[in-house]
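Heads up: the structure comes next, in structure tokens.
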Amino acid sequence: MNDILKEIAAKYRKNNENAIFLLQETQEALGYIPKEAVAFFSNELGIAPSRLYGIATFYAQFRLTPIGRNKITACCGTACHVKGSEKIINSIRRELDLTEAKDTTEDREFTMETVNCVGACSIAPVFIINKKVYGKASSVKLVKEIRSLGNMANDNE
């Protein structure tokens with residue numbers, strides 16, 4: 001990880017970038033922003049950790065915890081909400097034993113995030129699992145897909 005962070009810090013210095021760039025590059029490379037990265041940049045670049053954490057917690061694009069191997073994105077826009085996305089989200093949360101405060105399973109197999117809109121209102125409710133779009137989604141269809149992904153992970157062990 002240190003080599004990656006050194007490379008990001010070098011780009012930051014060379015291009016006179018801002019702290020948002022630093023965090024975006026870190027998340028792109030590592031999947032999230034670990035405490036170790038914040039400490040590294042604080043020491044290496046003289047940026048106060050509170051400044052980096054302030055930015056990372058202000059912008060929804062940043063994650064301070066690792067993401068699961070499988071990513072589920074649930075649309076919560078008006079059309080999806082009206083078509084029952086909340087019921088489906090609750091079914092997925094029950095299936096994965098997730099609470100509103102916890103978005104990644106203990107085994108880091110799944111992460112579920114909610115977004116305001118994915119721009120596919122005509123096929124609401126819309127969910128995305130590992131970049132595959134599921135329109136006119138149902139709890140049954142999505143839970144079945146999630147279970148098959150979970151079984152694939154178990155088969156690989």
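Probe of 1.4 angstrom, ligands and nucleic acids ignored: what's the accessible area per residue over the chain, in square angstrom?
I get 60 Å² per residue for the chain.
Got the relative contact order for the chain handy, in percent, Cα pairs under 8 Å and 6 or more residues apart?
20
Lys/Arg Cβ at +1, Asp/Glu Cβ at -1, dipole of region 17-87 taken about the Cα centre: which of ILE33, PRO66, LEU45 is farthest positive-ward?
So the residue furthest toward the plus end is PRO66.
Rounded to the nearest 0.05, what FRET efficiency is calculated for SER138 and PHE58 with R0 set to 30 Å and r the Cβ-Cβ distance?
The computed FRET efficiency comes out at 0.25.
Heavy atoms only, probe 1.4 angstrom, no DNA, RNA or ligands counted: give me SER122, SER139, SER85 ranked by accessible area, highest first.
SER122, SER139, SER85
What is the spin-label model distance, in nm, from LYS131 to LEU45 if the labels are put 7 Å beyond Cα along the C-beta direction?
It works out to 2.7 nm between the two label points.
Over region 65-150, calculate the relative contact order: mean separation of alpha carbon pairs under 8 Å at least 6 apart, over the residue count, as a percent.
Rounded, it is 40 percent for region 65-150.
For the chain, what is the calculated [θ] at 222 nm in deg cm²/dmol (nearest 500), taking -39500 (n - 2.57) for each run of four or more DSSP H residues and dividing by its residue count?
-15500 deg cm²/dmol
For Cα Rg over 2.2 N^0.38 Å, which listed value, (1) 1.21; (2) 1.08; (3) 0.98, comes from the coordinates shown?
Among (1) 1.21; (2) 1.08; (3) 0.98, the one derived from this structure is (1).
With only Lys, Arg, Asp and Glu charged, each at its Cβ (+1 for the first two, -1 for the last two), find how big the charge dipole of the chain is about the Cα centre; round to the nearest 20 debye.
Charge dipole of the chain: 520 debye, to the nearest 20.
Determine the order of GLU28, GLU44 by accessible area, beginning with the largest, at a probe radius of 1.4 Å.
GLU28, GLU44
The values are calculated or read from the model by the stated rules, or taken from the named source; none is laboratory data. Small disclaimer: the values here were computed from a predicted structure and weren't measured. Cβ coordinates were reconstructed from backbone atoms using ideal geometry, including for glycine residues, and neighbour counts include every protein chain displayed. SASA here: full protein model, heavy atoms, side chains in, ligands and nucleic acids out. Shrake-Rupley method; radii C 1.70, N 1.55, O 1.52, S 1.80 Å.
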